[in-house]
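The values are calculated or read from the model by the stated rules, or taken from the named source; none is laboratory data. Not measured: the values here are computed from a predicted model. Here Cβ is always computed from backbone atoms with ideal geometry, including for glycine, and neighbour counts include all displayed protein chains.
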Amino acid sequence: MRAAVYHGPADVRIEEVQAPGSPGPGQLVVRVLRAAICGTDAGEYRHGPKLVPLDAPHPHSGHQGPLILGHEFVGEVVEVGDGVTAFEPGDHVVTGAGVSCGTCPRCLEGRTNLCDAYFTLGLHVDGGLAEFAVTPASICCAIPEGCPADAAVLSQPLAVGLHALRRGRVGRDDALAVVGVGGIGAMVVAGAHAQGVRIIVAIDLDDERLGAARALGATHGLRPDDDVLAQLQRITGGAGLDVIVEATGAPPAPALALGAVRRGGRIVIVGLQARPVELDLFALAMNEIELIGALAHVFADDLPAALAILAGSDLAQRCVDRTVGLDDLVDRGLVPLAEGRVNGKVVIDPSAR
């Protein structure tokens, strides 16, 4: 079969590789209908390997060496392993990609994204940028009839956005700001709009991204200039923001969030900082601001909710920038995404030639 294989920075090759054999117990083999890429894939392409275990075995997946990318994908079940009763050949499924053990303390708390043995398809073991893929059945949801693969493929990134909103306890009556509305930030905006949040402020340096965020449901779009705090005060009638989701990883962003959130408000950190940054902890304490981390998503809570939103709306049509075949993955997908020349999701159709 054909697959997108990661060999190192700026070295992703479309190769003929061995197709998966029979699935193991609890596994599915799927024919990949659609896959998508995100900033993590682009980061591995440009600056990696950061997550892909090229030089040493991954401690949980055991994989080492070149790896088939793709942690956002949907497929048609072609074979089920022993013990699988929820799916049968012909079913269309979306995978959550994150594999957890189910028995460690964090899994038993329902926080499977913090599993002691966590690993991710397409980053720590072969994934779905291929014609066929293997996934545990336990992290798959059935795609509702009538929901196209082009929509369902956005379930995993939307689930990450919903998880950030859930971590921030965002309610319909809250005033929310999202700092950075590319990639996951855009999914946070879309998820908040789907949940009926009354004020959604998108903050970004890129005017095209701000326009795209408005199309996804942002009520306001602002650039992070010298007047942004005053504008946020005007938007909220002087009350300040209830919740801010920081989705850039840019060094100044946490301080901006701290300056804009109301007393007793919440800041959710989704963007990953390359190095430690300074933050005014005196102001954090004096105003009882909650600083909350958000990582990936929790399969049972977030993926079905994301799939329901996509099945019942035209969100996917407003999110997708382009659909390409595997042969165009690098030139029309990874490179422009790494260079910031994509405003929306890049979807891959492995069957396209």
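Please indicate, with yes or no, whether at least one residue in the stretch 109-116 is outside any strand (DSSP E or B), among the hydroxyl-bearing types (Ser, Thr, Tyr) and either touching a residue at least 60 places away in the same chain (Cβ under 8 Å) or closer than 20 Å to LEU33 by Cβ (or both).
Yes, some residue in the stretch 109-116 is outside any strand (DSSP E or B), among the hydroxyl-bearing types (Ser, Thr, Tyr) and either touching a residue at least 60 places away in the same chain (Cβ under 8 Å) or closer than 20 Å to LEU33 by Cβ (or both).
Of all the strands (runs of 3 or more DSSP E) wholly in the stretch 236-324, which have at least 2 residues that are of a type in the set (D, E, K, R) and over 20 Å from HIS193 (Cβ atoms)?
In the stretch 236-324, 261-269 are the strands (runs of 3 or more DSSP E) which contain 2 or more residues that are of a type in the set (D, E, K, R) and over 20 Å from HIS193 (Cβ atoms).
Across the stretch 267-291, which residue is farthest from the chain's Cα centre (by Cα) among those that are β-branched (Val, Ile, Thr) and crowded, with 16+ Cβ neighbours inside 10 Å?
My answer is ILE289.
Looking at (1) more than 30 Å from PRO148 (Cβ to Cβ); (2) without any contact (Cβ under 8 Å) to a residue 40 or more places away in the chain, which one does ASP314 not meet, given that it meets all the others?
Every condition holds for ASP314 apart from (1).
From GLU88, GLU44, grab the single residue that is buried (at least 18 other Cβ atoms within 10 Å of the Cβ) and charged (D, E, K, R).
Unique residue meeting the criteria: GLU44.
Results for (1) in the same structural domain as THR135 (by TED's automatic domain parsing); (2) exposed (fewer than 14 other Cβ atoms within 10 Å of the Cβ); (3) farther than 25 Å from ALA316 by Cα; (4) polar (S, T, N, Q), shown as yes or no for each residue.
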residue	(1), (2), (3), (4)
SER22	yes, yes, yes, yes
VAL32	yes, no, no, no
GLY39	yes, no, no, no
HIS58	yes, no, yes, no
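With HIS7, HIS63, HIS71 as the choices, which residue is over 27 Å from ALA152 (Cβ atoms), modelled with pLDDT of 95 or more and of a type outside the set (A, V, I, L, M)?
One residue alone meets the criteria, HIS7.
Among the residues in the stretch 304-317, are any assigned by TED's automatic domain parsing to the domain that holds GLY96, out of contact with any Leu (no Cβ under 9 Å at 6 or more places or on another chain) and crowded, with 18+ Cβ neighbours inside 10 Å?
Checking the stretch 304-317: at least one residue is assigned by TED's automatic domain parsing to the domain that holds GLY96, out of contact with any Leu (no Cβ under 9 Å at 6 or more places or on another chain) and crowded, with 18+ Cβ neighbours inside 10 Å.
One line per residue, one yes/no per condition, for (1) basic (Lys, Arg); (2) at pLDDT below 95; (3) closer than 18 Å to ALA42 by Cβ:
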site: GLU288; (1), (2), (3): no, no, no
site: GLY293; (1), (2), (3): no, no, no
site: LEU315; (1), (2), (3): no, yes, no
site: VAL320; (1), (2), (3): no, yes, yes
site: LEU337; (1), (2), (3): no, yes, yes
